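Written below as structure tokens is the structure these notes are about.
The values are calculated or read from the model by the stated rules, or taken from the named source; none is laboratory data. From a predicted model like this one, the values you see are computed outputs, not experimental measurements. Cβ: placed from backbone, ideal geometry, glycine included. Neighbour counts: every protein chain shown. The accessibility values were calculated without ligands, DNA or RNA, using every heavy atom of the protein model including side chains. Shrake-Rupley method; radii C 1.70, N 1.55, O 1.52, S 1.80 Å.
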Amino acid sequence: MISPREFHTRRQRLLRRIGKNAAAVIAGAPAAQRNRDVDFPYRQNSDFHYLTGFDEPESLAFFLPGRSDGEFVLFCREYDPKQAVWTGHHAGLEGARRDHGADQAHPIGEVDKLAPGLLEGRTRIYFPMEAENDLPARVQGWIRTLRAKARSGVKAPDELVALEKPLHEMRLFKSKGEIALMREAARVSVAAHRRALRASRPGMREYQIEAELLHEFTLAGLRAPAYPSIVAAGRNACVLHYTENGAELKDGDLLLIDAGAEHEYYAADITRTFPINGRFSPEQRAIYQLVLDAQASALEHIRPGARWNEPHDAAVRTLTKGLIGLGLLKGKLDKQIEREKYKRFFMHRTGHWLGMDVHDVGDYKVEDEWRLLEPGMTLTVEPGLYIAPDCDKVDKKWRGIGVRIEDDVLVTPAGHEVLTADAPKTVAEIEACMGTR
Ligand code: GLY
Ligand code: MN
Ligand code: MN
């Protein structure tokens, strides 16, 4: 669990970063309706959770450096015993102060009345510019209210800044507490992949394997996947964001599973690909081994001081070389890489930041240069090869094979640590694990 102290420290760091003439404001995620009278399970916005640990809709937080009446002001729902009968516990104003460290708490309905006063005299307002909500319009409304009072000497903010800039830089570097949560998400997700691997048999349906994953997540207390699980048999593996999960598992096909649990707001993101009947065919094995080699060459480039693009470039080189070796590409290695010929079979990047969001926040470039890796960053390494079922450029025997191998990696002072290393990965490990079913 992230301690109240750590939430407090995050707010202090943000306050220091934005400086004393500024204010930051952020809105909680709204409840989302699935259909009439039924909501989706609530999930707080990651930025909001990161700063407040307050996981209720209809909430809004102000961060006001140096304010004598309190630097953290939270607007939320008042406690309503009648509402509690239907939906259970909510913090109310008292809980916001007592359990979430708010210096002041006000009813959400009073935001528009009180916000101009909170922002008066500050020159810069930070708010999230990526979020799709009405906050930008409201901020403008509060500024208009202040500007209308200019003749009586009131100073209105005149600079709007993306809160993402300072906040996402903070989120990019994971603390000990955050890494512990990611380890647990990884541990449970690894167990889920092992379970799915052992459960898979010809004749089953993809959703039955999805059920095995969810079973393992939920038994461990991790109530939600970090993203919809991809369980893709045979040619379905060539659909990168396949989530239908309804097809039959066929003898002789591969099964690609891309699934990870979320643990207290932190994600795991693992992909494994294995033969449904327990034995790779020669073509499957060749493609699989090539992706595995590409992953190994990418991992070699994960250490402090390496640039973000180095693992990807290494994977591309290994894949292209191997594809030429197998006859799937023809020509000279450097030319094929330069012309991006590999993109017919490998059309995504080798990884992304991983954290509270599965595709986590953080800049990949700094001043037009690929970013240097530093200890505390977490990322995925996930090369793949996808040979479209209708690809007439290659021999029939290769068509419809889709392989991705994805692990979660922490950059450490000495290099890196693979957080998901216990999920079977080599051909021998996979065939051995499936042999004991
Ligand atoms: N599961 C999404 C991804 O691998 O990026
Ligand atoms: Mn991923
Ligand atoms: Mn994934």
Exercise. Return only the number of the condition from (1) of a type outside the set (S, T, N, Q); (2) more than 16 Å from ligand 2 (Cβ to nearest atom); (3) surrounded by fewer than 20 Cβ atoms within 10 Å (Cβ to Cβ) that His359 does not satisfy.
Key: (2)
Exercise. From the list Lys393, Lys330, Lys397, Lys321, pick out the single residue that is farther than 30 Å from Ala224 by Cα, open to solvent by 20 Å² or more (accessible area, probe 1.4 Å) and modelled with pLDDT under 95.
Key: Lys393
Self-check item: Selected residue (criterion: surrounded by the most Cβ atoms within 10 Å (Cβ to Cβ)) from residues of segment 400-437 that are polar (S, T, N, Q) and assigned to a loop (DSSP other than H, G, I, E, B)
Solution: Thr420
Exercise. Kindly indicate the residue of segment 92-120 that is in contact with a helix residue (DSSP H, G or I) (Cβ under 6 Å, 6 or more places away or on another chain) and among the small types (Gly, Ala, Ser) and also surrounded by the fewest Cβ atoms within 10 Å (Cβ to Cβ) among those meeting that condition.
Key: Gly101
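Does Leu51 satisfy being part of a strand (DSSP E or B) and either hydrophobic (A, V, I, L, M, F, W, C) or modelled with pLDDT of 95 or more (or both)? Quick ask: steps written out before the conclusion?
On the way: part of a strand (DSSP E or B): no; either hydrophobic (A, V, I, L, M, F, W, C) or modelled with pLDDT of 95 or more (or both): yes.
Taking the combined requirement at face value, the residue does not satisfy it.
Please go through segment 185-239 and pick out each residue that is within 16 Å of ligand 2 (Cβ to nearest atom) and either open to solvent by 50 Å² or more (accessible area, probe 1.4 Å) or modelled with pLDDT under 95 (or both).
Once the filter is applied, which keeps residues that are within 16 Å of ligand 2 (Cβ to nearest atom) and either open to solvent by 50 Å² or more (accessible area, probe 1.4 Å) or modelled with pLDDT under 95 (or both), segment 185-239 yields Pro228, Val239.
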Self-check item: Residue that is among the β-branched types (Val, Ile, Thr) and farther than 25 Å from Asp39 by Cα, where the choices are Thr123, Thr87
Solution: Thr123
Practice problem: Tell me, please, whether a residue that is of a type in the set (S, T, N, Q) and either within 32 Å of the chain's Cα centre (by Cα) or more than 24 Å from Arg5 (Cβ to Cβ) (or both) can be found in segment 67-76. | Solution: no
Self-check item: Top-ranked residue of segment 121-141 - restricted to ones that are in contact (Cβ under 8 Å) with a residue 24 or more places away in the chain and among the aliphatic types (A, V, I, L, M), ranked as surrounded by the most Cβ atoms within 10 Å (Cβ to Cβ)
Solution: Ile125
Quiz item: If you check Ala211, Ala268, which single one turns out to be of a type in the set (A, V, I, L, M, F, W, C) and within 15 Å of ligand 3 (Cβ to nearest atom)?
Solution: Ala268
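The rows are residues; the columns are (1) over 23 Å from the mean Cα position of the chain (by Cα); (2) touching a residue at least 24 places away in the same chain (Cβ under 8 Å).
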site: Gln284; (1), (2): yes, yes
site: Lys335; (1), (2): yes, no
site: Arg344; (1), (2): yes, yes
site: Leu354; (1), (2): no, yes
site: Met377; (1), (2): no, yes
Practice problem: For segment 318-365, enumerate the residues that are within 16 Å of ligand 1 (Cβ to nearest atom) and among the hydroxyl-bearing types (Ser, Thr, Tyr). | Solution: Thr350, Tyr364
Quiz item: Under 8 Å by Cβ, and 6 or more places apart or on different chains, what pairs join a residue from segment 426-437 that is under 16 Å from Thr273 (Cβ atoms) with one that is open to solvent by 60 Å² or more (accessible area, probe 1.4 Å) and assigned to a helix (DSSP H, G or I)?
Solution: Val427/Arg285; Val427/Gln289; Cys433/Arg194; Cys433/Arg198; Met434/Arg198
Exercise. Output the residues belonging to segment 343-370 that are in contact with a Lys or Arg (Cβ under 8 Å, 6 or more places away or on another chain) and under 17 Å from Asp258 (Cβ atoms).
Key: Asp360
Quiz item: Which of the residues belonging to segment 54-78 are closer than 27 Å to Gly121 by Cβ and either touching a Lys or Arg at 6+ places or on another chain (Cβ under 7 Å) or outside any loop (DSSP other than H, G, I, E, B) (or both)?
Solution: Leu60, Ala61, Phe62, Phe63, Pro65, Gly66, Phe72, Val73, Leu74, Phe75, Cys76
